[in-house]
Amino acid sequence: MSPKKASGCGCSSVPISLIIVILGGGYWWFIHLGNLKNINKLLPNIQQIATPRMTPAPSKSEKEAKLPQTQTVPTPISTTIPTPTPKTAPQPSLSPVKPQKLPPLSQTLWDKKVIRGIYLSRYQITNNADEETIRSRVRYYHAQGINTIIHGVWGNGCTMYNSVVMQQTLGYRSCPNQFQDRWLDWLIDEAHKQGMQVHAYFEKGIKIDKNSPIFDLAISKKWIVPGVDKTYAGIDQYVLDVESPEVANFFKKILVEFVQKYPTIDAVQWDDYLGYYAELPGKVDRTTHLTNFVQQMIADMKKTNHNVSFDLCHHNPYWAKRYFAADWLSWNVDRVFIQAYNDANFKQELNYAESYAGVAITDNQLDHLKELVDNTKIKSVLVFPLTGKPEETAATIKNLTKNE
């Protein structure tokens, strides 16, 4: 029996060199005969196996519906996200709030008077009245409906303030009364804060009596007009002669000094003592000399401080010229208040007062107040308390005018 053959393909009998040639030719065939395309088609499948499976990117509509789900969260790329600028919520446009206008308080006839004045003697500030006393006094008069304080600053030949002119001319710096140096500054300041005015009153004008601190000096200097002025019963007055250049210059300098020292004073006021007594000895007409003097005094004052009003509280023009040589219609004054102190001719004086700045009465004539208030032609009313109690007079005035 013949021996049995081994099974197999017989590859072991194929030479190694032939195998290498076959493999090399196969590789060349795949590359150069276009089968690379088939290999490239296989790469995505191979890559799909090697990489974690990702959910396909959603369409735009899907993005708005839900967030994509992934099995593996990719490492986020660092990006700077711009911070949105905060926008102020639109505010409704508001119109500016206008203060509500209150209806104006109705003015009484008394309130409508241009000047509602009360006179205070220069002695009101003696005994060293302090600042609070003076300021509270002003506020009191304001509360009584007074809008102007007429305060004495000169009288009987001397000033109620420290004056360089007096010191140089007469050897006195003021009247001998005790007062604080700044009293008039306080008075003016407080009055202006209250919306009031202050008128400086040159009491007794160019006249003095025997109690004047300059009486003996005036006699020795021959400053006095011969004779005694008996205009008012019981009071002997002596007239300083303004025809004398020395006397005239003294008064001019005094007035100029005053409006320089108190530049915010509202007015200076002189009265019927700026005049001569008709029955002085001799038949001498002093009208022209007095007119020239006053005109020059006013001009000097206005040149120094034109804001200050030069006022008169005098007799009506006929009486003033006839009995006092005071032709004040020719003086170039700013305002004139007619004295109506005599009840016997009160009506006649009102006729004059209607044509000028106003009327002056005393506290003994307050029974005429209603008549004056009701008369719209009377533009201003000045009250002079002869009793020396201006506070009581002011309270009476308020009571009498509260319904006017």
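You will find that of VAL138, VAL164, VAL225, VAL198, the residue that is in contact (Cβ under 8 Å) with a residue 40 or more places away in the chain, surrounded by fewer than 17 Cβ atoms within 10 Å (Cβ to Cβ) and either of a type in the set (Val, Ile, Thr) or touching an Asp or Glu at 6+ places or on another chain (Cβ under 6 Å) (or both) is VAL164 and no other.
Considering only segment 304-323, how many residues are in contact with a helix residue (DSSP H, G or I) (Cβ under 8 Å, 6 or more places away or on another chain), assigned to a helix (DSSP H, G or I) and either charged (D, E, K, R) or closer than 21 Å to GLY358 by Cα (or both)?
Initially, segment 304-323 is screened for residues in contact with a helix residue (DSSP H, G or I) (Cβ under 8 Å, 6 or more places away or on another chain), giving 304-305, 308, 310, 312, 314-317, 320-321.
Add one more test, that the residue is assigned to a helix (DSSP H, G or I), and what stays is 304, 317, 320-321.
Then keep just the ones that are either charged (D, E, K, R) or closer than 21 Å to GLY358 by Cα (or both); that gives 317, 320-321.
Count: 3.
If you go through segment 216-254 and pick out every residue that is under 48 Å from the mean Cα position of the chain (by Cα) and within 14 Å of THR169 (Cα to Cα), you end up with 13. Here is the figure for segment 170-222: residues that are among the acidic types (Asp, Glu), out of contact with any Phe, Trp or Tyr (no Cβ under 7 Å at 6 or more places or on another chain) and within 22 Å of ASN127 (Cα to Cα) total 4. Among the residues of segment 130-151, the one identified as part of a helix (DSSP H, G or I) and touching a Gly at 6+ places or on another chain (Cβ under 9 Å) is HIS142. Within segment 198-243, the set of residues being modelled with pLDDT of 95 or more, touching a Gly at 6+ places or on another chain (Cβ under 9 Å) and among the β-branched types (Val, Ile, Thr) comprises ILE206, ILE208, ILE214, VAL239. I'd like to check something: does segment 205-217 contain any residue that is crowded, with 22+ Cβ neighbours inside 10 Å, basic (Lys, Arg) and out of contact with any helix residue (DSSP H, G or I) (no Cβ under 6 Å at 6 or more places or on another chain)? Scanning segment 205-217 turns up at least one residue that is crowded, with 22+ Cβ neighbours inside 10 Å, basic (Lys, Arg) and out of contact with any helix residue (DSSP H, G or I) (no Cβ under 6 Å at 6 or more places or on another chain). Residue count for segment 238-253 under the criterion of being more than 17 Å from THR288 (Cβ to Cβ) and in contact with a strand residue (DSSP E or B) (Cβ under 7 Å, 6 or more places away or on another chain): the result is 2.
Does segment 224-233 contain at least one residue that is in contact with a Phe, Trp or Tyr (Cβ under 6 Å, 6 or more places away or on another chain) and more than 22 Å from LEU255 (Cβ to Cβ)?
Start the filter on segment 224-233 by keeping residues that are in contact with a Phe, Trp or Tyr (Cβ under 6 Å, 6 or more places away or on another chain), which leaves 224, 229, 231.
Now narrow it down to the ones that are more than 22 Å from LEU255 (Cβ to Cβ): 231.
Yes; the residues of segment 224-233 include at least one that is in contact with a Phe, Trp or Tyr (Cβ under 6 Å, 6 or more places away or on another chain) and more than 22 Å from LEU255 (Cβ to Cβ).
Scanning segment 221-274 for residues that are under 27 Å from LYS193 (Cα atoms) and assigned to a loop (DSSP other than H, G, I, E, B) yields TYR262, PRO263, THR264, ILE265, ASP266.
The values are calculated or read from the model by the stated rules, or taken from the named source; none is laboratory data. Predicted, not measured: the structure shown is a model, and the values here were computed from it. Positions of Cβ are generated from backbone atoms using ideal geometry, with glycine treated the same way; all protein chains shown enter the neighbour counts.
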